[in-house]
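Have a look at the structure below before the remarks.
The values are calculated or read from the model by the stated rules, or taken from the named source; none is laboratory data. Source: prediction; values computed, not measured. Cβ placement follows ideal geometry from the backbone for every residue including glycine, while neighbour counts extend to all protein chains displayed. Calculation scope for accessible area: heavy atoms of the full protein, side chains included, ligands and nucleic acids excluded. Shrake-Rupley method; radii C 1.70, N 1.55, O 1.52, S 1.80 Å.
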Amino acid sequence: MTNIYKDIIQAKADGQKLLAILLDPDKIDLNSVALLIQKINQSPATHIFIGGSHVQNNILDELIFSLKQKVSLPIVLFPGNSSQISAKADAILFLSLISGRNPDYLIEHQVKAVPILKKTQLEIISTGYILIESGNETAVARVSETKPLDRKNNDYAMHTAQAGEMLGHKLIYLEAGSGAKQAVTYEMIKKVSNNIEIPLIVGGGIIDLQGIQKAYDAGADLVVIGTAFENDHNFFDYQAQKSTIVNHLPKAFGTEI
Ligand code: 1GP
């Protein structure tokens, strides 16, 4: 059994920021996985998340197997539903879509996942998942048939996160949705992170290094980058060259870029 959650807690206690690259198996060509692996290893990522709203191919096991040959980062499932579980990963964000009011995504998919999870050694990390309105309809909103929270109502987002914490979730994931036009506001990140004890993940629509840095400054403990890296595997190289703030980056970025 891995200790991924314990490590996240430790990083938070040490003030170390974390960065996950999100891989959507639907958009990955197994033939070019060598380049993907090279770019992941050159990046400042601390975790790999794997998932998507409607993963349809069945390359999940094979992809994780290939990654594990050459990448030492923890591989964490970030599933859209119970069909996206692979025993080959290290952990799973066991999500409940607490911003939504669709029982399927609050509890039904989780119940269906149990018999599958019981046959694995995956570390299960209970996560309150909060979708925030972001200027365009995202795949999560479409697939889950839920309404995102008002991006200006920081108090309601905070109360939702606090309810998630009180219910026993171990992480809160503030999500604008993959490819979001607008990321979650820094004010909202600050409000939520200042008012929960558990670590805060932030993702959706973050497309540059400044966006990552600002999310950290606002209180995000772990930032997720999906689309920007998916569109350009050199994302972190260019970003490092372009950035004038690189020397001020948190420890997660180390000296590798
Ligand atoms: C999506 O938070 C992740 O669930 C990442 O979003 O693809 O916009 O980076 P992006």
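Rg to Rh for region 1-118: what is it, with Cα atoms only and Rh by Kirkwood? Walk me through the numbers on the way to the answer.
Details: Rg = 14.9 Å, Rh = 15.3 Å.
Value, to two decimals: 0.97.
Which lysines does Lys190 reach when only Cα atoms under 21 Å apart count, and residues fewer than 8 places away in its own chain are ignored?
Lys190 reaches Lys12, Lys17, Lys152, Lys170, Lys181, Lys214, Lys251.
Thinking of the chain as a set of Cα atoms, what percent of all their pairs are more than 33 Å apart? Present the calculation step by step, with values, prior to reporting the outcome.
Values: 3849 of 32896 pairs.
In whole percent, the share of Cα-Cα pairs in the chain beyond 33 Å is 12.
So what's the projected area for region 76-226, the Cα convex hull averaged over all directions, in nm²?
Values: hull surface 32.8 nm².
Averaged projected hull area, Cα only: 8.2 nm².
What FRET efficiency would be calculated for the residue pair Asp232, Glu137, taking the C-beta separation as r and a Förster radius of 35 Å, to the nearest 0.05? The partial results should precede the final answer.
On the way: r = 24 Å, r/R0 = 0.69.
Calculated transfer efficiency: 0.90.
Hey, got the dipole for the chain? About the Cα centre, +1 on K and R Cβ, -1 on D and E Cβ, debye to the nearest 20?
On the way: 23 positive and 27 negative charges, 48 e Å.
Computed about the Cα centre, the dipole is about 220 debye.
Report, to the nearest whole %, how much of the accessible area of region 3-236 belongs to carbon and sulfur atoms, 1.4 Å probe, protein only. Can you show the working numbers first?
Details: 5180 of 10350 Å².
Roughly 50 percent of what the probe reaches on region 3-236 is carbon or sulfur.
Given a 1.4 Å probe and the protein chains all in place, what does the accessible area of Asp104 round to, in Å² to the nearest 10?
That residue has around 70 Å² of solvent-accessible surface.
Please identify the trypsin sites (Lys or Arg not before Pro) of region 133-182 that satisfy two criteria: DSSP loop assignment and at most 16 other Cβ atoms within 10 Å. Which are they?
Numbers: sites: Arg142, Arg151, Lys152, Lys170, Lys181; in loops: Arg151, Lys152, Lys170, Lys181.
When the trypsin sites (Lys or Arg not before Pro) of region 133-182 are filtered for loop state and at most 16 Cβ neighbours within 10 Å, Lys152, Lys181 remain.
Going highest first, how would you order 190-196, 173-179, 4-10, 41-47 by mean Cβ packing within 10 Å? It would help to have the intermediate numbers written out before the result.
Working: 190-196: 18.6, 173-179: 24.3, 4-10: 16.3, 41-47: 20.1.
In descending order of packing, they fall as 173-179, 41-47, 190-196, 4-10.
I'd like to check one number: the per residue accessible area of the chain, probe 1.4 Å, reported in Å² as a whole number.
Values: 12110 Å² over 257 residues.
Solvent-accessible surface per residue comes out at 47 Å².
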